[in-house]
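Colleague: Can you read through this structure? Questions will come right after.
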Amino acid sequence: MKRLLKISVSSLGLFLLACATPPSEFGVYRQSDGTVGVHAPKSAKDTEAQAAAAEECKKLGKRGATIVETRKTVNDRFPMTYIFVCNTY
């Protein structure tokens, strides 16, 4: 009986691990001035970063995002940072 319980718990744990949502490749954050920053991985394109920013803007009740600034960083994982402003158009 104890063996069956251990197997059941292990199976459930593996099932939940397999169904977990993978971490996002983009680091999206809100800034105090109302803009949205996106840390993009090496393989990302500008349009993918804009889509990530647009999703964050939708959470704020805005419809879209327009790029304001692009910066290179010294971070190997996220070499580019994009700054977007949210629009209501």
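The values are calculated or read from the model by the stated rules, or taken from the named source; none is laboratory data. Bear in mind the structure is a predicted one, so any value in this text is a computation, not a measurement. Backbone-built Cβ (ideal geometry, glycine too); neighbour counts: all protein chains shown. Keep in mind that these areas ignore ligands, DNA and RNA; they rest on the heavy atoms of the full protein, side chains included. Shrake-Rupley method; radii C 1.70, N 1.55, O 1.52, S 1.80 Å.
Colleague: Could you put V68, V38 in order of accessible surface area, largest first, with the 1.4 Å probe and the full protein assembly present? It would help to have the intermediate numbers written out before the result.
Modeller: Values: V68 95, V38 0 Å².
Per-residue accessible area, sorted high to low, gives V68, V38.
Colleague: Describe numerically, in nm with one decimal, the distance between label points set 7 Å from Cα along Cα→Cβ at N75 and at K58.
Modeller: Distance between the two pseudo-spin positions: 2.3 nm.
Colleague: Describe numerically, in nm with one decimal, the distance between label points set 7 Å from Cα along Cα→Cβ at N87 and at E25.
Modeller: Using points 7 Å along Cα→Cβ, the separation is 2.5 nm.
Colleague: Where does the charge balance sit around G37 when Lys and Arg score +1, Asp and Glu -1, over other residues with C-beta under 13 Å from its C-beta? Before the final figure, lay out the partial values.
Modeller: Values: positive: R30, R71; negative: D33, E56, E69.
Neighbour charge sum, excluding G37 itself: -1.
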